Amino acid sequence: MTEMIFTNARIVLPDEVVHGSVFLRDGRIATLDSGSSAVAGAVDLDGDMLIPGLIELHTDNLERHIQPRPKVDWPHAAAILAHDGELASVGITTVFDAMRVGSIPEGKGRYPKYARSLASELWALREAGALRINHYLHLRAEVCSATLVEEMSEFGDRDRVGIVSLMDHTPGQRQFRDISKLKHYVQGKSGMSDAEFDEHVAHLKALRDEHGERHEAEAVAAARRYGAVLASHDDTTEDHVTVSAAHGIRLAEFPTTVEAARACHMQGIKVMMGAPNLIRGGSHSGNVAAHELAEAGLLDIVSSDYVPSALMTSAFLLADLWDDLPRAIATVTANPAAATGLTDRGRIAEGLHADLVRITRVQGTPVVRGVWSHGRQVG
């Protein structure tokens, strides 16, 4: 039996902040004591905050480690371990690693499959006890592709697939309604000429026409087979949300308009926005700003998207915006846990996993001073 006590902490609970102690036993939260400010033999937090470990539902960070530069394929085991350690260092104790399924094997804008082999490497490291935090899979099902059905068939019950999101990056709609934004992004990344970009757009539209409906139906069916939560991506109109609701979607990633976010709430679908959007003050694609949804009461969950440290920063920005620290912390802890059915984490409560973060603020910026996953210090 292993035990640990944190004392003299400002404990962020679901509805309040209390000064006291937290007792851990065998990787779980045993008891809370809001009356004690000091306990012999305990770790004295010296008045720092103690919050639940952050839960990340959508991050491209692993892909960034695997391909740190265009056409550079970094050794995968090293990339996975670096990704895992980076998340631990910023207070993330549970992550749904986003991996694209659905590839385009031909054309100037081609990109190969990778998810199955990468997932196998991830699980081998987990089995060896090499990972610091808890990992699940988030399969990003790219409807506008050539190989989605084949790739999704390669995953099964043992792959810890927690989320399947319906991704449709067909030019001219959703995230890239403004094709000029897509053109700027693609040409900056790949160096396509104008003619090559036009050919790329035509190819994508042809793929969507040929495979789109079948791919969308297969992704929905696969999510049910895996027992995964189904998410939409870049809903823009009420009609998009109506279709999402009919599929059984209960999580909307990055709706692009206030109209879509409001329709999601009316359908009981939780709205997730990106932390970089919130921190930068707007979307890099020209879509709705996350702070606008927060001010309207339409923001439920925050994702770090492509900057892991942004998750903690965004929570404290929301705390200042709402003047409500527990509500803000819930957007990166309790709310993502509830949205994905993780009832054993996301809050500081008796019996739950001891996934905890010690944190303070220096000149307004949150500073992580310790991270524990299942009671084991990982950062």
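The values are calculated or read from the model by the stated rules, or taken from the named source; none is laboratory data. What you see is a predicted model, and the numbers here were worked out from it, not measured in a lab. Glycine also receives a Cβ, built like all others from the backbone with ideal geometry; neighbour counts cover every protein chain displayed. Ligands, DNA and RNA are excluded from the accessible area calculation, which covers all protein heavy atoms including side chains. Shrake-Rupley method; radii C 1.70, N 1.55, O 1.52, S 1.80 Å.
Rounded to the nearest Å, what's the spacing between the alpha carbon centres of region 334-379 and region 236-284? Just the number, please. Their Cα centres are 26 Å away from one another. Summed over the residues of region 297-355 and divided among them, the accessible surface reaches 31 Å² per residue at a probe radius of 1.4 Å.
Comparing Cα centroids, region 139-154 and region 1-62 end up 41 angstrom apart.
Using a simple spin-label model with pseudo-atoms 7 Å out from Cα toward Cβ, Asp15 and Val258 lie 3.1 nm apart.
Were the residues from Lys71 through Thr360 laid out at 0.36 nm apart, the gain over their Cα-Cα distance would be 100.1 nm. A simple packing score, the average count of other Cβ atoms within 10 Å per residue, orders the peptides 4-13, 217-226 as 4-13, 217-226, with the highest score first. Database remark: amide H of Thr59 closer than 5 angstrom to the amide H of Ala98 (H placed geometrically; neighbours at sequence offset of 5 or more, or on other chains; Pro and chain starts carry no H).
Split the accessible area of region 12-156 by element, probe 1.4 Å, and carbon with sulfur accounts for 51%. A crude spin-label estimate for the pair Arg158 and Gln377, with each label 7 Å from Cα along the Cβ direction, gives 3.6 nm.
Listed values for region 61-67 are Karplus-derived 3J(HN,Hα) couplings in whole Hz (6.51 cos²θ - 1.76 cosθ + 1.60, θ = phi - 60°), namely 5, 5, 4, 5, 6, 6, 10, and x replaces Gly and Pro.
Computed packing ranks the peptides 339-350, 57-68, 360-371 as 57-68, 339-350, 360-371, most packed first, by mean other Cβ atoms within 10 Å. In terms of packing, defined here as the mean over residues of other Cβ atoms within 10 angstrom, the peptides 81-90, 16-25 line up highest first as 81-90, 16-25.
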